[in-house]
Every structure is written in structure tokens, then in C-alpha cells.
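These notes concern the structure reproduced below.
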Amino acid sequence: MAYQIIRFCIFVPKFTYFLRCCPAWKFLNLLSFLDSQILGTLSNILNCNLDDRSWSQASLPIRFGGLGIRKASSVALPAFLSSVHSTSSLFQKITDASLGRTEISYCAEARDAWSQACPGISPPLDLTVQRLWDEPLCRQTHTSLLDSSTCSAERARLLAVSVKESGFWLHAIPSSNLGTVLDNTSFSIAVSLRLGLTLNHPHCCPCGVQVDHLGHHGLSCRRSAGRQSRHASLNDVIRRALATVNVPAQLEPNGVVRDDGRRPDGLTLIPWKNGRCLVWDATCVDTLAPSHLTLSSRAAGVVATDAEIRKLQKYASLSRDYIFLPFGVETMGPWGSDARSFYKHLSKRLIECTNDQRAGAYLGQRISLAIQRGNVASVLGTLPKDNNLDEAYYI
């Protein structure tokens, strides 16, 4: 909740008027002081130590893999440029015609500063939209982080978190009644995984493998504590969404098995399309697993798509009588191609049934939150369990 307040209410949102109405971008020392206050507050509520690199990522918009907590120094120039151009026609009406066509003070200087920051990029077509001025600057920062990655795991993480569906959980309104609240520890761990921050002190996992300070081992551990809960949550979200669009479904249906006798995760009880029922099977693969880094460091979502292809091969015998859907997601957030297609189709039907234009967004947020909760359980599951206090109670 404190994160949402920082993002929408204080700091940069509170200073937007001043950033748009005066050349604040010329006073970097003052903006740097405000940025340091934002960084300190964010570090306190997250209980995380953000270095320069992680702070650069965190200050990016969510669509670029950040947290949406913007730096005042990053927003000042786009805010001023969009404001100047949106008021230029009014400025010309107010000024005396004898002066000829003049520009608002610092307008030309601001355009030159933007051109220097974004060499080779033309100004946006709509000069009045702040986001269009800001987009090239954000993309440049994200590209710089990618190009300076020190390892394939870091590059894979940066690619994965910059996909749209990876940030759905950060858009969710924290409500205990809706089940969209993450406790402080869970939120801190989820953010640390997104930014590549230190999660824990190096220790030995119960499976015998040494866990480093990033804590990524828990996401792919063969004894992962969050795998089953995440899998169950994903299937429950899908089943509930289908029920909302008046398509009842059953989890782990009897009588529907593949060649090796295993059952799929769910089955619709009435036809989904072309007179055939829908059968789905969800899977969550680790983006940062050593065996997946070759694919995940090239492009986002390819590991989930590859898992979906393998699911299709395993359930090939069911495709004759049912519509089979492999719903593949990754621990860092990206979805497979089949999962995205199903989500778009289901979102449209949810909007039609509920008359709520945000129904599809709510579905995406619940799926994304289920992934994050599974990640948190997996990370915490690697910590050693001390039973000494329990033994004292028994005595």
C-alpha cells in the first residue's frame, strides 16, 4: 500500500505541476536531492538496498521492467516539453501580434537538450503528449541496462520483466477483500526478484544445493515449496474465469487422460468452440534456470512457449476429441503464445458478460499474483527450518 501511495500520490505525482510549468530540468542538483528522497523512502518500505543500477531499473515505467516510481530528473524534461507545446497556441493568442511569432522561454533549449539525450531520434508526432517525449528516454535506459548486463541470467531477467504481462501484479489494487494484497515480506521478495536485488544470506537449501545471495535456486529447486500452490492457484483462476463467462469447468477430470495415464488440469463441461470442450494444462517454468538461459537470454517468453509445445506433444491424443490448451507461464512473468491468445479471448468474453471494461485486466492481475506468490513460497522454502523451539513446547 505504501508503494501505491508513492507511485500515485507523493513525490513526482505531487510535483508534476511544477515540472510542467517551469524549466526544472535545468536544476539537476535540486532534482537529484528529490530523487535521493524517493530512493531512501522506497528502500525503507521495500527493506531492500537499491544500488545505482537497480535504482535505474526501478525508476522506469512498469512496461519497461521498472516499478513505475519515476525519478524527478527523468520526468522533468518530457513534462516541460509536452506542457510548452500544448500551450503554444494559447501563448500566441495572449502575446502581442506586433512581436511576431515567438516561443515560450526555454522551449528551444529544452528541445536541444532532448535531442542530445536521444541522438538520431525524431521528436514525436504529437508534441503535446508527455508519454511520447518520455518513451525514447526510457527505452534508451532499458537498452543501456541490457547492453551492460554482466551475465546471461541478468539479461534474461531484464528481458522477461519488460514484457507487459510481467507487470500485471504491480497494477493490482491492494485489497484484502479481493485477495490482491501481498504481505510485506512477499512484496519485498517479489520486487527483489524483479530488480535482481539481494534476497538472502548465502545458505544451504534442504535439497543440498548452495543458495547464493540472489536466491534464484528456489525457483527451480526439485523440492520447490511453491510449485504445487502456484499450479493450483493458476488452475483455480482459470476455472473461476470460465465460470464467470457461464462455462462451468472441472479440475483434474476423470476419464480424460493422455497416453501415459496422466490427467490434464481442467476440462470445460460444455463445448468451448466448434462443438468441442476445452481441455487445459498449466505449467510454470523457471526463466532463470541454468538449462533455460540459452533461450530466455535471447527473447522474453520463449521458454514458456517451448514448454507449451512440449505439452502439445504429450497431449496429442486428446486433440482429436477436445480443444487442448497448454497454458505456459514463467517465474519472471512472461506467458507463452497460447496462454496470451487464450487470455485475450477469455478477456473479451469476460467484458461481454460483466460489462466491465477492466474485467480482462483483473484476470491478468490474478494470474500474475499467483505466479508471484509461488515465487515467494519457493524462495522461502530454501531457508533452513529450526525445530528447537517446537521441541521446547513438547517438553
Using the Cβ atoms and a cut-off under 12 Å, what net charge is assigned to the surroundings of GLY208, where Lys and Arg are +1 and Asp and Glu are -1? +2
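Show me 372-384, 232-244 ranked by packing, highest mean number of other Cβ atoms within 10 Å first. Could the numbers behind the result be given before it?
On the way: 372-384: 21.5, 232-244: 18.6.
Top of the packing list down: 372-384, 232-244.
If contacts are Cα pairs under 8 angstrom and at least 6 residues apart, what is the relative contact order of region 243-312 in percent? It would help to have the intermediate numbers written out before the result.
Working: 75 pairs, mean separation 13.6, N = 70.
Once normalised by length, the contact order is 19 percent.
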With a Förster radius of 51 Å, plug the Cβ-Cβ distance of PHE8 and LYS273 into 1/(1 + (r/R0)^6) and report the FRET value to the nearest 0.05. 0.80
Which trypsin sites (Lys or Arg not before Pro) in region 197-230 sit in a loop by DSSP (not H, G, I, E or B) and have at most 13 other Cβ atoms within 10 Å of their own Cβ? ARG222
Ranked by GNM mean-square fluctuation in the chain (Cα springs under 10 Å), the top entry among ILE309, ILE94, ILE189 is ILE94
When Rg is the radius of gyration of the Cα atoms in region 171-395 and Rh is its Kirkwood radius, what does Rg/Rh come to? 1.01
Taking θ as phi - 60°, what are the ³J(HN,Hα) couplings along region 242-251 by the Karplus curve (6.51, -1.76, 1.60), each to the nearest whole Hz, with x for Gly and Pro? 5, 5, 5, 8, 6, 10, x, 9, 10, 8
Looking at the chain, what % of its DSSP beta bridges pair antiparallel, to the nearest 5? 55
Going by average Cβ neighbours within 10 Å, how do the peptides 250-257, 345-352 rank, with the highest at the top? 345-352, 250-257
Give a residue-ordered list of calculated ³J(HN,Hα) values for region 220-235 (Karplus: 6.51 cos²θ - 1.76 cosθ + 1.60, θ = phi - 60°; whole Hz; x for Gly, Pro). 10, 4, 5, 10, 3, 6, x, 5, 5, 5, 5, 4, 5, 5, 4, 5
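Per the helix-only calculation at 222 nm, which mean residue ellipticity applies to the chain, given -39500 (n - 2.57) for every DSSP H run of n ≥ 4 and division by its residues, nearest 500 deg cm²/dmol?
Details: 18 runs with 206 residues, N = 395.
Value at 222 nm, helices only, nearest 500: -16000 deg cm²/dmol.
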If amide hydrogens are placed 1.01 Å from N in the peptide plane, which non-local residues have theirs closer than 5 Å to the one on ALA249? LEU269
Would you please give the residues with an amide H less than 5 Å from that of GLY266, counting only those at least 5 places away or on a separate chain, with H modeled from the backbone geometry? GLU252, TRP280
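Just so you know, all these numbers are worked out from the coordinates, no wet-lab data involved. Predicted model only: the values in this text are computed from it and were never measured. Here the Cβ is made from the backbone with ideal geometry for all residues, glycine too, and neighbour counts use every protein chain on show.
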